[in-house]
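Notes to accompany the following structure.
The values are calculated or read from the model by the stated rules, or taken from the named source; none is laboratory data. Note that the structure is a prediction, hence the values are computed from the model and not measured. Cβ placement follows ideal geometry from the backbone for every residue including glycine, while neighbour counts extend to all protein chains displayed. In case anyone asks, the SASA skips ligands and DNA or RNA and just uses the protein heavy atoms, side chains included. Shrake-Rupley method; radii C 1.70, N 1.55, O 1.52, S 1.80 Å.
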Amino acid sequence: MATELVETTRRWFKKQGIECEVEFSWGATEVKVPELADAIVDITETGSSIKANNLRIVDTLLETTTVLIANKSAWANPAKRTKIEQIVLMLQGALAAQHMVGLKFNLPRQALDKVSAALPALRNPTISPLSNPEWVAVETIIDARQAREFIPTLKASGAEGIVEYPINKLVY
C-alpha cells in the first residue's frame, strides 16, 4: 500500500481488521500501481487523476473540510486578530477567484452598447478611452466557462487584442 497519509491509512485498515504494509509515497501516488504498489490511498479532490490512470475508487477513508481556527487568546489580542482577519480575507479572495478569469479587449466604440448589454461582469466592466476616439478598452472579470462562450461573440463584434488571464485573488 502506497500513500502520503501513512498513519491515517494504517489506522483505517486496522479498524477494518485488514493487515497490510503501508509505505510512504511522495507525490504522483496514482502512477505507482501496479508496478510499485498493489493499491494506493490517495488524496483527491475530483478523482480525475485516479480515473486517468485506469484506477477505481474502492472506498473513501475520510472526507475533509479546510477550516481556520484561532484560539481565544489570539482572537482577543487586537494585533493578532487583525492579522487573522487579513489571512481570512486573502484565503476568501483565493477561493472566490478559483473559477474566475480576467478578460480585456479593445472594442470599436460603436459596438460598445451591444457588447456591454451582453457582457458578463462582477458588477460593471471597466471602460477606458483609447488614443483613437473610435475605440475603447474594456476589462472585466467573469466565470471561466463564460469566457469560452463569450470570446467568439467579442471577436464577431469587432473586438481585438482579446486577452484572458487567470485571477489569483478576488476580494469583494
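The table below lists the values:
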read-out	value
Residue match in the range 68-81 (condition: of a type in the set (Val, Ile, Thr) and within 30 Å of residue 13 (Cβ to Cβ))	yes
Looking only at the range 119-172, and only at residues there that are among the aromatic types (Phe, Trp, Tyr) and loosely packed, with under 15 Cβ neighbours inside 10 Å, the one that is modelled with the highest pLDDT	165
Yes/no for residue 102 being in contact with a Pro (Cβ under 9 Å, 6 or more places away or on another chain) and closer than 30 Å to residue 138 by Cα	yes
Residue check, residue 112 surrounded by 12 or more Cβ atoms within 10 Å (Cβ to Cβ), assigned to a strand (DSSP E or B), free of Cβ contacts under 8 Å to residues at least 60 places away in the same chain and hydrophobic (A, V, I, L, M, F, W, C)	no
Yes/no for residue 46 being open to solvent by less than 100 Å² (accessible area, probe 1.4 Å), of a type in the set (S, T, N, Q), on the phi < 0 side of the Ramachandran plot and not in a loop (DSSP other than H, G, I, E, B)	no
Number of positions in the range 71-84 that are within 19 Å of residue 169 (Cα to Cα) and open to solvent by 90 Å² or more (accessible area, probe 1.4 Å)	1
Residue selected from the range 28-43 under the condition out of contact with any helix residue (DSSP H, G or I) (no Cβ under 6 Å at 6 or more places or on another chain), in a loop (DSSP other than H, G, I, E, B) and surrounded by 13 or more Cβ atoms within 10 Å (Cβ to Cβ), by the criterion modelled with the lowest pLDDT	33
